[in-house]
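Student: Encoded as structure tokens, here's the structure I'll be asking about.
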Amino acid sequence: MAIKLALLKSGEEVISEITEMITEKQVVVGYYFANPCRAILTTPEIQVDESQSLDKKPVSIKLLPWLPLADEEKIPVVADWVISIVEPQPKLKDLYTKACENYEKRKSQSDSSADKGSTSNTDRGSSE
């Protein structure tokens, strides 16, 4: 598959490059989500007081990493947890593509700086 938007049982909408997890008998048992992000649609608050102006504020989309603490880029998801997989709107797809490109740039920059001998704290939050 390509970049798709998945609705999960949890109610989360996840945009990702999705591929099928297939058994030897050609049965789909799950999906692999590569670089998944939660897509969150934020809408303005509705004004209850009639004296306040009814200015229409635009809705916005937030993309947040899905399972940000995972060390894997391809996350397996069982088919039971996926309600639907659809084509995302073009603007959402573009936003996701740009976010992935920016992530890859930052990742390559941090990898190259690590190769030059810079140190980083990789204790993963231990309290020692």
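Student: Being basic (Lys, Arg) and under 16 Å from Ile40 (Cα atoms) is the filter here; which residues of segment 71-110 pass it?
Tutor: Filtering segment 71-110 down to residues basic (Lys, Arg) leaves 74, 91, 93, 98, 105-107.
Passing the criteria: Lys91, Lys93.
Student: Could you check how many residues of segment 74-100 are part of a loop (DSSP other than H, G, I, E, B) and exposed (fewer than 12 other Cβ atoms within 10 Å of the Cβ)? Show your work before the answer.
Tutor: Applying the first criterion (part of a loop (DSSP other than H, G, I, E, B)) to segment 74-100 yields 87-89.
Now drop any that are not exposed (fewer than 12 other Cβ atoms within 10 Å of the Cβ), which leaves 87.
Looking only at that region, the number is 1.
Student: Select from segment 85-119 the residues that are among the polar types (S, T, N, Q) and closer than 17 Å to Ala34 by Cα and write down the one among them that is modelled with the highest pLDDT. Outline the logic, then answer.
Tutor: Residues of segment 85-119 among the polar types (S, T, N, Q): 89, 97, 102, 108-110, 112-113, 118-119.
From what is left, the residues that are closer than 17 Å to Ala34 by Cα are 97, 102.
Numbers: Thr97: 95, Asn102: 89.
Ranking the qualifying residues of segment 85-119, first place goes to Thr97.
Student: In segment 1-33, what count of residues is obtained for those that are surrounded by 16 or more Cβ atoms within 10 Å (Cβ to Cβ) and among the basic types (Lys, Arg)?
Tutor: The total comes to 1.
Student: For residues that are among the small types (Gly, Ala, Ser), under 15 Å from Glu87 (Cα atoms) and not in a strand (DSSP E or B), tally how many sit in segment 1-39.
Tutor: Restricting attention to segment 1-39, the residues satisfying the condition of being among the small types (Gly, Ala, Ser) are 2, 6, 10-11, 16, 30, 34, 39.
Now narrow it down to the ones that are under 15 Å from Glu87 (Cα atoms): 2, 6, 16, 39.
Narrowing the set further to residues that are not in a strand (DSSP E or B) leaves 2.
Number satisfying all stated conditions: 1.
The values are calculated or read from the model by the stated rules, or taken from the named source; none is laboratory data. Everything quoted here is computed from the prediction, not taken from an experiment. Here the Cβ is made from the backbone with ideal geometry for all residues, glycine too, and neighbour counts use every protein chain on show.
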